[in-house]
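Please read the structure below before turning to the comments.
The values are calculated or read from the model by the stated rules, or taken from the named source; none is laboratory data. Computed from a predicted model, the values in this text were never measured in an experiment. All Cβ positions, even for glycine, are placed from backbone atoms using ideal geometry, and neighbour counts span all protein chains on display. We work out accessible area using only protein heavy atoms, side chains counted, and drop any ligands, DNA or RNA first. Shrake-Rupley method; radii C 1.70, N 1.55, O 1.52, S 1.80 Å.
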Amino acid sequence: MNTGNDSLARLMSGIDPAMTPPDSALGERELALLERVQSTSVHIHNQAGLRPRGTDNGRAARIRRFRVPSFAVVASLIAILVVAATSMSLWPGETPLARAVTPKPLVAVPIGDQQPGSLLQSMSESLGASNQPAASRVRFQNWALAFTPDDPPQSIMPQRFDITTLPDGSTVAERRAAGNFDPAGHQLSGFDYPSPGTLLDRQTYQPGQYGYLFSSPDGVTDWGTYLRTGGGLGAHPSTGDYFTAVKNLLVERSLSSTQHAEMLAFLSTQPDIRIDGTVTDRLGRTGISVSTDSRDPGRTRDVLVVTPSHGVIAYEHVYTGTDRSDLQAPAVIDYDAWF
Amino acid sequence: MFEHVFHANYVLVRRYAERRVPSAALAEDIAAETFTAAWVRYQQGDSIELPWLYRVASNKINDHFRSAERKRAVEETLERVLSEQEEGADTLEKIALGRSLLKLTDREREAILLTYWEGLGAAEVAVALSCSVASAWAILSRARKKLRALLGEPFVAGLTDGGRK
């Protein structure tokens, strides 16, 4: 668009934070990245020879991908959520100081022979018949692996999020402590951590200020396009990509039972889904676990726990690979459980 | 060839990330993740255009930061560049602009940044924001109007073509 010679253009140019010169030539580091990108289809985060650099905190801080609303007050805490889930935490040649504590994977009890598509379609039909409206709140419990090589977490501290849309269109987002656990899910004591339910942060957003990735689900007829668009997926995403898009949608939007059923119906058409079996999720509820490793074959699995009455009630990201010395596969890297 | 795409766009994407996240290391990671996604797309036979790369980078940044944190990330990058400013006639204006940018919505601010820092045209901004060209114009128009009000002065809109830096 024409920016012309307006004064805004001049001022914007004067506060441009970009550090790399625009005419910067690609050096060995960038060419090495190109080579690695072209030689692998999996995430090359950190595998491209990008050594962690010292940040202002004196240690390379890798902000790991997480899908929770986070607020200015806890920015420093969130900054501790480091290391990309799909990257090596430690560089080749380094000796791990310790392994990260992670939640015990959900235990699935196999169910009878059924095709994943049929199962999800059946779930969709049951859910759609319930005719429940979308709630005004999105509530979920989240945990994500936070790891720094010299200070690996020794307990599991999930948090609960409550995002409420008020009648005036404003949004209130709250984050609360949800306890301190060992891998088996037993509450721990003796740690200096807020008791469960303690409000850690609250933020209020004026109408239109909350940065939704997904537009309103009202009126959606093409759930594939809706998930691809909001999820920032390419033209041909994997089923695992769709699983993560569903997760990213549900942490910010509430769906009616009809909408949720339509979304499940779309998922039922996707390939590469495995029925793991019946599981009890982190909040003690029974559901069917379905999963896929299509997003990161041989390295991670994306898991959805679904029920015929509520649809997707949980998401888990599980490391299944062999290239990380800080994790023992299978290891849960992050999870969300909606309630 | 993909190499051409990489050579032509890596620095641009890297600069895009540097403008939106406070850490140079994170910006580098964002660029790396973006081109990984681009390689997958390329292998599927789809074209790779710069606005698409910006959209992917934006999503990667979104993966790292949620809502208020995105604003905080931009705030930190602006604080850094403003703290490095030499005292000049327009220092106060720049500081005011930096603060005013943070008062825009995420999409308005992104439209402004894509237009003035990335130098994108209307159609390209639309792709990057995943909206129609008309919407992109409307978002930018609204953003400029807000900035005018916050800064208390009109912008003189010239007619020369905008373009990539």
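Would you mind checking the tilt of helix B:67-83 against the longest principal axis of the Cα atoms of chain B, expressed as 0 to 90 degrees and rounded to 10?
That helix lies at roughly 70 degrees to the long axis.
Roughly how many debye, to the nearest 20, is the charge dipole of segment A:116-338 about its Cα centre, given +1 on each Lys and Arg Cβ, -1 on each Asp and Glu Cβ, and no other charges?
Numbers: 16 positive and 25 negative charges, 72 e Å.
The dipole of segment A:116-338 has a size of about 340 debye.
Can you give the accessible area per residue of segment A:180-339, in Å², using a 1.4 Å probe?
Numbers: 6070 Å² over 160 residues.
Per-residue accessible area for segment A:180-339 comes out at 38 Å².
Give me the one-decimal Kirkwood hydrodynamic radius in Å for segment A:116-338, with the sum taken over alpha-carbon pairs.
Working: mean 1/r = 0.0540 Å⁻¹.
It works out to 18.5 Å.
Hey, in the GNM for chain B with a 10 angstrom Cα cutoff, which one of B:VAL127, B:VAL40, B:VAL21 fluctuates hardest?
Greatest mean-square fluctuation among the candidates belongs to B:VAL40.
Step through the table entries A:LYS247/B:LYS94; A:LYS104/B:LYS71; B:LYS60/B:LYS145; B:LYS60/B:LYS146, compare each Cα-Cα distance with 32 Å, and write down the pairs that go over it. Don't skip to the end; give the middle numbers.
Values: A:LYS247/B:LYS94 40 Å; A:LYS104/B:LYS71 35 Å; B:LYS60/B:LYS145 29 Å; B:LYS60/B:LYS146 28 Å.
Too far apart for the 32 Å limit: A:LYS247/B:LYS94; A:LYS104/B:LYS71.
Give the accessible surface of chain B per residue, rounded to a whole number of Å², with probe radius 1.4 Å and ligands, DNA and RNA excluded. All intermediate terms of the calculation are to be shown ahead of the outcome.
Working: 6660 Å² over 165 residues.
It amounts to 40 Å² per residue over chain B.
Determine, for each peptide in A:238-250, A:105-117, the mean count of other beta carbons within 10 angstrom over its residues, then list the peptides with the highest first. Intermediate values should be presented prior to the final figure.
Details: A:238-250: 23.5, A:105-117: 13.6.
For the peptides A:238-250, A:105-117, the packing ranking is A:238-250, A:105-117.
Once amide H atoms are placed 1.01 Å from N in the peptide plane, what residues at a sequence separation of 5 or more from A:GLY277, or on another chain, have their amide H within under 5 Å of its amide H?
The list, which skips near neighbours in sequence, is A:SER289.
Taking every residue in B:33-45, how many Cβ atoms of other protein chains lie within 10 Å of its Cβ, on average? Mind showing how you got there, number by number?
Working: counts 9, 1, 8, 12, 5, 2, 8, 8, 3, 2, 3, 3, 2.
Across the residues of B:33-45, the mean count of other-chain Cβ atoms within 10 Å is 5.
Hey, what D do you get for chain B in µm²/s if you plug the Kirkwood alpha-carbon radius into Stokes-Einstein at 25 °C and 0.890 mPa s? Walk me through the numbers before you get to the answer.
Numbers: Rh = 16.7 Å.
Taking Rh from Cα pairs, D becomes 147 µm²/s.
Please identify, among B:ALA37, B:ALA143, B:ALA128, the residue showing maximal mean-square fluctuation in a Gaussian network model of chain B using a 10 angstrom Cα cutoff.
Comparing B:ALA37, B:ALA143, B:ALA128 in the GNM, the peak value goes to B:ALA37.
Compute the long axis of helix B:50-64 from its Cα atoms, compare it with the longest principal axis of the Cα atoms of chain B, and write down the angle in degrees, 0 to 90, nearest 10.
The two axes meet at around 80 degrees.
Need one number: buried accessible surface between chains B and A, 1.4 Å probe, both sides summed, DNA, RNA and ligands left out, in Å² to 100. Don't skip to the answer; put the middle values down first.
Working: alone 9740 and 17680 Å², together 21090 Å².
Counting protein atoms only, the buried area is about 6300 Å².
Under a point-charge model restricted to the Cβ atoms of Lys and Arg (+1) and Asp and Glu (-1), what is the dipole moment magnitude of segment A:202-268 relative to its Cα centre, in debye to the nearest 20?
Working: 4 positive and 5 negative charges, 45 e Å.
In debye, rounded to 20, segment A:202-268 gives about 220.
Measure nothing fancy, just the Cα-based angle from helix B:106-116's long axis to the longest principal axis of chain B, in degrees from 0 to 90, nearest 10.
Compared with the principal axis, the helix lies near 90 degrees.
Leaving out ligands, DNA and RNA, and with a 1.4 Å probe, what % of the accessible surface on chain B is carbon or sulfur?
Values: 3590 of 6660 Å².
The computed percentage sits at 54.
Each residue of segment A:163-177 in order: what ³J(HN,Hα) in whole Hz does its phi give by Karplus 6.51 cos²θ - 1.76 cosθ + 1.60, θ = phi - 60°, with x for Gly and Pro?
With coefficients 6.51, -1.76 and 1.60, one gets 10, 10, 9, 8, x, 7, x, 6, 10, 10, 10, 10, 10, 10, 5 Hz.
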